[in-house]
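Report on the structure given below.
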Amino acid sequence: MPKAVWITGLPGSGKSTVAEAFRKRHPEFVILRMDELRKVVTPAPTYSEAERELLYRCIVYMAKTLTELGHDVIIDATGNMRRWRELARKLIPDFAEVYLKCSLSECRRREGLRRETHAAPRKIYEKGEKGWPVPGVTVPYEEPLEPEVVIDTEVTDIGAAVGILEEALKCR
């Protein structure tokens, strides 16, 4: 049965990096990136609550449809509200939530250093300090209550994170 995996965590926690490293070893997975979807659906994003609601429902629907068509899917998206991840769990039979745990201070540090953002907006934490809606800063980030996998990306390197994910998903 095709599976969907939602990699969630604060901006800068390593979601895109882990998703990409995992897909290199498992090219059968399709990655749905919220930042890429946002550029198509809302080319001038406001990051309002209504806009986020629409976009997260869209990405869940896309993941559901792709799994129904036989594709394994990774959702690379902060998904700061539990209700969106719970919607995916409700609609997709083989679903796993992967929480990349990382302190806000480390996420800020990484985001300030990164060059490639996988379509993510740049300097997001600086924007948060100016009032932009940034998960964990000016809008809530609701940590998963019972994720299938928790990876502390402050102490776990990318290779080990992929191994943990493979073991949890039985992908070896």
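Points worth noting:
- Test: residue in the stretch 32-55 that is in a loop (DSSP other than H, G, I, E, B) and within 14 Å of the chain's Cα centre (by Cα): no
- Unique residue being loosely packed, with under 14 Cβ neighbours inside 10 Å and basic (Lys, Arg) when the list is LYS127, LYS101, LYS123: LYS123
- Extreme residue, modelled with the lowest pLDDT, among residues of the stretch 89-125 that are over 30 Å from LEU69 (Cβ atoms) and hydroxyl-bearing (Ser, Thr, Tyr): TYR125
Conditions (1) under 24 Å from LYS3 (Cα atoms); (2) in contact (Cβ under 8 Å) with a residue 12 or more places away in the chain, marked per residue:
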residue	(1), (2)
GLU36	yes, yes
ALA44	no, no
TYR56	yes, yes
VAL60	yes, yes
ILE74	yes, yes
VAL98	yes, yes
SER103	no, yes
LYS123	no, yes
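- Any chance PRO11 is of a type outside the set (Gly, Ala, Ser), buried (at least 20 other Cβ atoms within 10 Å of the Cβ), in contact with a helix residue (DSSP H, G or I) (Cβ under 6 Å, 6 or more places away or on another chain) and within 27 Å of TRP132 (Cβ to Cβ): yes
- For the stretch 18-53, the set of residues classified as modelled with pLDDT under 95, within 23 Å of LEU145 (Cα to Cα) and crowded, with 16+ Cβ neighbours inside 10 Å consists of MET34, ARG52, listed by residue number.
- Pick from the stretch 56-93, criterion of a type in the set (S, T, N, Q) and part of a helix (DSSP H, G or I), ranking: surrounded by the most Cβ atoms within 10 Å (Cβ to Cβ): THR67
The values are calculated or read from the model by the stated rules, or taken from the named source; none is laboratory data. From a predicted model like this one, the values you see are computed outputs, not experimental measurements. When we count neighbours, we look across all protein chains shown, and the Cβ atoms used for this are built from the backbone with ideal geometry, even at glycine.
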